[in-house]
Amino acid sequence: MNQRVTVGVAAAAAILVGCSSPATETPARTDCAVDPASAPPVAVEAYQTVPEADRITLTLSDIGPVTPGGPPVEVEVTMCNDSAVDYPDVGVVLVLGHCSCAPNPTSIPAGTVHRFDENTGSWALVEHPTAGLGVDYLGTYADVRPMPKGQRRTARYRIALDGSMTAGQGVVEAAAVTPEPLNRIGTADTPFAVG
């Protein structure tokens, strides 16, 4: 079951990725309805979220338990532009959010995130796999491409936790962003058990 969260998550809405890689594009579907209205992109201050009417919908696939030091677990980020805006450039970011499994006072876990690069057919390591204490992670977006109204696309990631992590509760956070200005246009997160 997918968790659907429409943008608006603030502070630790995590993000990951480090360069430009493609995501799977699929044609518009009835579950990614085209908004009959049309609107220009609205710019807000850098690192902020656009107004609700201009947000796109993100969903993350469920993640089963993640074992510290174990094999990576795959997660998909599906973006649907059901807003009234034809976005000329949209990037995506996915990160490990704060985790009760992290044996440190900041709750920032140690782990890795890989993004599937369709150009090479291989997994690319994301350089900054965790959300920190702010929203700087938004600048680590990748796979920038146009996202017109009604378009749906999916990006694949794999996450893994370092063997030093303990049992607890983790979260994966994703965001769709516009590069200039750097604004959030959609966010989602999904929890997972660590043990």
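Readers should treat all values here as calculations from the given coordinates under stated rules, not as data from a laboratory. From a predicted model like this one, the values you see are computed outputs, not experimental measurements. Because the Cβ atoms are built from the backbone with ideal geometry, glycine has one as well, and the counts that use them run over all protein chains shown.
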- Query: Residue farthest toward the positive end of the dipole of segment 86-195, with Cβ of Lys/Arg at +1 and Asp/Glu at -1: which of Y137, G170, L125?
  - Reply: G170
- Note on the structure: With +1 on the Cβ of every Lys and Arg and -1 on the Cβ of every Asp and Glu, the dipole magnitude of segment 117-195 about its Cα centre, in debye rounded to the nearest 20, is 400 debye
- Item | Protection proxy ranking of 170-178, 105-113, 70-78 - average other beta-carbon atoms within 10 Å, highest first | 170-178, 105-113, 70-78
- Message: Using Cα-Cα distances under 8 Å and only pairs 6 or more residues apart, what relative contact order does segment 43-195 have, in percent?
- Response: 39 percent
- Note on the structure: Projecting the Cα atoms of T57, L161, V75 onto the charge dipole of segment 56-163, where Lys and Arg contribute +1 and Asp and Glu -1 at Cβ, the residue farthest towards the positive end is T57
- Message: Could you tell me the extents of segment 18-160's C-alpha atoms along the three principal axes, largest first, rounded to whole Å?
- Response: 48, 34, 25
- Query: How do H128, H98 rank when sorted from fewest to most other Cβ atoms within 10 Å of their own Cβ?
  - Reply: H128, H98
- Query: Which whole-number percent of Cα pairs in segment 96-194 have a distance greater than 18 Å?
  - Reply: 52 percent
- If N is the residue count of segment 101-159, its Cα Rg over 2.2 N^0.38 Å rounds to 1.38
